[in-house]
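Read-outs: derived from the displayed coordinates by stated rules, not from any lab. What you are looking at is a predicted structure, and each value in this text was computed from that prediction instead of being measured. Glycine gets a Cβ as well: all are built from the backbone with ideal geometry, and neighbour counts include every protein chain shown.
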Amino acid sequence: MSKKENKEQDILKAAEMLFAEKGFKGATTTLIAAQAGVTHAMLHYYFRTKDQIFLKVFDAYLEEILQSLKSIMVTDMFQPDLIRKTTEICFDFFSAHSGQLSLLLEVAKERPDLMESYVSKIGNYMSSALDTHKKRTESEVVNGRIRNITFEELIGDIVSVCAAPFFFDPLVSNVLGVEGTLRAEYLEARKKEAVELIVCRLFK
């Protein structure tokens, strides 16, 4: 890795941490530069705006989950075991990046233009794969192998049931006092429930 790439990674790691701690608005480029150990001018040499930093951080998340799903995306995903595996991968992804969920909500509310730009980018990036799975979903429904559902509804269901426990995690941990081993057991139970909910949603 070159010196330039090292500096970029330092900035992105600092931004990821500060976005999770302070949100998009609170994580100023001045704070990111200080955390990364670079000057403010150097940060702007690598990234012209904070928007670019945000998009680059989430590009890495997108690449991470796509790599995890790669083997499943090229197979017949409409088998119970593969649906279970897909849901487990998504749950584990949200578990690893739970601190970024509130960030997404903030950006969606305060910077809908930025969120719209990123969603559009994801759609373009995944268009061919998504089109294949949309058609496969329609075929499975028509042939009666799965319940009546669109591909968009399926993705929405998986994301919502996997993300929900982490939106409520501060309440569970701080208010109800579920921490340590109890928290791990709680999340493992929610993971199993998420998997079975999706399987039951699809298969008769």
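Could you check which residue among Gly123, Gly180, Gly37 shows the biggest mean-square fluctuation in a GNM of the chain with a 10 Å Cα cutoff?
Looking only at Gly123, Gly180, Gly37, the biggest GNM fluctuation is shown by Gly180.
Quick one: if you stick a label point 7 Å off each Cα along the C-beta vector at Ser160 and Val199, how many nm between them?
Once both label points are built, they end up 2.2 nm from each other.
Could you calculate the FRET efficiency of Tyr61 with Lys192 from 1/(1 + (r/R0)^6), where r is the beta carbon distance between them and R0 is 30 Å, rounded to 0.05?
Between Tyr61 and Lys192 the formula returns 0.80.
Is there a pair in Lys25/Lys70; Lys85/Lys134; Lys13/Lys70; Lys7/Lys70 whose C-alpha atoms are over 23 Å apart, and which pairs would that be?
In this structure, Lys25/Lys70; Lys13/Lys70; Lys7/Lys70 exceed 23 Å between Cα atoms.
Taking R0 as 30 Å, what's the FRET efficiency between Ala96 and Val142 from their Cβ-Cβ distance, rounded to 0.05?
Using R0 = 30 Å, I get an efficiency of 0.25.
Please list, by residue number, every one of the chymotrypsin sites (Phe, Trp or Tyr not before Pro) in region 139-202 that is coil in DSSP and has at most 13 other beta-carbon atoms within 10 Å.
Counting only loop positions with at most 13 other Cβ atoms within 10 Å, the chymotrypsin sites (Phe, Trp or Tyr not before Pro) in region 139-202 are Phe168.
Please list the non-local residues whose amide H lies under 5 Å from the amide H of Phe203, H modeled 1.01 Å from N, same-chain partners needing a gap of 5 or more.
Arg147
Report the Cα centroid-to-centroid distance between region 1-68 and region 83-123 in angstrom, as an integer.
17
Tell me which residues come under 5 Å, amide H to amide H, from Phe47 once H is placed; ignore anything under 5 positions away on its chain.
none
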